[in-house]
Amino acid sequence: MFQVRIHGRGGQGAVTAAELLSVAAFMEDRHAQAFPSFGSERTGAPVVAFCRIDDRPIRVREPVVRPDALVVQDPTLLHQVNVFEGLRTGGAVLINSPRSVDELGLGELAEHALTVLATALAVRHFGRPVPNAVLLGGLAAITGCVSIESLTAAVRERFPGELGQANAAAAREAYDHVQKAQREERAHAQAD
């Protein structure tokens, strides 16, 4: 079973991100579940959403405490919430930030973490600072948990018309960015 925990702030689409990821898995004839964990939060308050994907029915219903991957939609959460709690050894981490992993002080995660300019891509593609679909594109690239085709189809289904097309294009750009960063990292490692 592949488990993802998404940390964000109210209004950034963390809950929608988990739902989109589960729909993309359903489109691949897999089992999935998505659910949030929040109280009476308001815009800007920390929110956590979860997604599980498996080839078999999923019977577990509790929050994801040992994620295989983390998505951090707001880098200020790195200093407010223990986002890395329970992360499996070698688990993938994707952070929405213009700064590098080293610049964020997370050098110990450098091998399994990447940053993406998700908010900037969202604003450029559809004019709103909502990084959720963009980060899912990066997550698909870093983990292979779903294909980019299934993900963009799920995005277009959820957001029909121009908004869906723009979100899908932003997710695809993040996917391409992460794949390029991974190729460069492998080339650099081989050169050493």
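Every number here is computed from the coordinates shown, using simple stated rules; none is lab data. Nothing here was measured: the structure is a model prediction, and the numbers come from that model. Positions of Cβ are backbone-derived with ideal geometry, glycine not excepted, and every protein chain shown enters the neighbour counts.
A few notes on this one:
- Protection proxy ranking of 177-187, 56-66 - average other beta-carbon atoms within 10 Å, highest first: 177-187, 56-66
- Cα-centre dipole for the stretch 2-191 with unit charges at Cβ (Lys and Arg positive, Asp and Glu negative), debye to 20: 300
- Counting other Cβ atoms within 10 Å as a rough exposure proxy, the listed residues THR152, THR119, THR89 run THR89, THR119, THR152 from fewest neighbours to most.
- Across the stretch 35-192, Cα pairs under 8 Å and at least six residues apart give a relative contact order of 16 percent.
- Stokes-Einstein diffusion of the stretch 72-192 at 37 °C, 0.692 mPa s viscosity, Kirkwood radius from Cα pairs, rounded to a whole number: 221 µm²/s.
- Beta bridges per DSSP with both ends in the chain, % antiparallel, nearest 5: 55
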